[in-house]
Amino acid sequence: MANAVRDLFEENGIPAMIRSFQIPAYDGLARVMRPVWGEVLVEEENMAKAKELLDAFLSADAGDAGKDE
């Protein structure tokens, strides 16, 4: 999902990077301390446009999930 979001941002002219919170040597311990996999980072000046794109992406994804039912 993080790769798809980063690609979406970059395709729309927003430079983005992924930062993982996982620590391979601790095999899941980091997830207990911080219950998310990581985050997609964008520059502050691109935040509003990135949020719009992300909201549209997530609502389209949720709509697709409802079609299977």
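The values are calculated or read from the model by the stated rules, or taken from the named source; none is laboratory data. Just so you know, these numbers come straight off a predicted model, no measurement behind them. Glycine also receives a Cβ, built like all others from the backbone with ideal geometry; neighbour counts cover every protein chain displayed.
Before moving on, here are some points about what is shown:
- Identity of the residue in the range 31-40, out of contact with any Ser or Thr (no Cβ under 9 Å at 6 or more places or on another chain) and either of a type in the set (Asp, Glu) or surrounded by 14 or more Cβ atoms within 10 Å (Cβ to Cβ) (or both), that ends up modelled with the highest pLDDT: 40
- The range 43-58 residues that are farther than 11 Å from residue 8 by Cα, paired with ones that are part of a helix (DSSP H, G or I) (beta carbon under 8 Å, 6 or more apart): 46/9
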